[in-house]
Amino acid sequence: MVHPKDEIKWWNPNNYTVYAVTESPTTIATETEQAFGLSELRDKGAITTQTKENLIFLVAALPRETRRNLSYTLNEFVLRCSFNSKDCNMERDFKLHVDPEYGNCYTFNFNDSVELKNSRAGPMYGLRLLLDVHQNDYMPTTEAAGVRLVVHEQDQEPFPDTFGYSAPTGFVSSFGLKTKVLYRLQDGQCSDTFRPDPYIYDEHYSPEGCHRNCFQLKVLDLCGCGDPRFPLPGEDYRYCSAKSIIDRNNCPAVIDIFNDSKACTEYYRVNTAYIEIYYEQLNFETLKETSGYTLVIYI
């Protein structure tokens, strides 16, 4: 939903550019096509993937508020929500996360100061959601209808493009969880408290976040601009432009509700997905690291 204050300036037919006879607009169009990287592609799958890449680059150039307004609000997306057989507090229990690929995502149970306890196992007592994907608004680049789900720690950044699970519309999708507690040795750079500097994510260190951080810093160093899939380390940096041949192609790092009940049923089959996230078991597994060798003696 786009609010009036953040209205996007679409193409105005009364606002155009007149080119001189000696300047051909074909050159400009060709440069844009080269930057988009679609001119030599023939396979539909490759064309769709490259078009998605271009959309990410174009949307990343928009202000965060505009990108947020382009996607759906929590109330538009979540039609029903319960946890442990009780109503969810929509304002307290959800946090907005704007993802460069999936748009507005919402994190449940993000606040460690609020205790959301579950004392019973099984789907009836976990998190149950009815989600509306608004399939009529899908773009041609979308290859499947459904939702993307990521289960992660409260203090970690979600990466739905890598670690997410997909749930289709028209079905009930159940995800059973098992708790595993891992105690690591706190010496060296393998500990959970390690954090690179600079680090592009606000959340705590994770191996995937560290990898993406290293990649983004390398892109900035080689190209002078950042990959729009990942955050920037500061306001002094910029994202690579979708229309720039230099940014896109010459940079090695970038390359690398109804009256009819039948109609209502059909709408829900096409546009909604029911999600259940629950504990399969109430016990948990504990893993603890210990030192195999505490001292090396040379004789």
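Only the coordinates and a few stated rules stand behind these numbers; no lab work does. The structure displayed is predicted, hence computed values, not measured ones. Note: ideal-geometry Cβ built from the backbone for every residue, glycine included; neighbour counts use all protein chains shown.
General remarks:
- Computed E for residue 95/residue 66 - FRET, C-beta separation, R0 22 angstrom, nearest 0.05: 0.65
- Placing R0 at 22 angstrom, the Cβ-Cβ distance between residue 49 and residue 145 gives a FRET efficiency of 0.75 after rounding to 0.05.
- Debye equation applied to the C-alpha atoms of segment 57-177, log10 I(q)/I(0) at 0.22 Å⁻¹: -1.69
- Between residue 204 and residue 178, the modelled labels are 2.3 nm apart [label points 7 Å from Cα along Cα→Cβ].
- Filter on 52/95; 86/178; 117/180; 44/218; 178/218; 218/243 - keep pairs with C-alpha separation over 28 Å: 44/218; 178/218
- Label-reachable residues, segment 209-248, where backbone N falls under 11 Å from a point 7 Å from residue 56's Cα toward its Cβ: 227-231
- Separation of segment 66-88 and segment 122-168, taken as the distance between their Cα centroids, equals 12 angstrom.
- Amide H contacts of residue 226 (H built 1.01 Å from N, in plane; Pro and chain starts excluded): 238, 239, 240 sit under 5 Å, all sequence-distant by 5 or more or on other chains.
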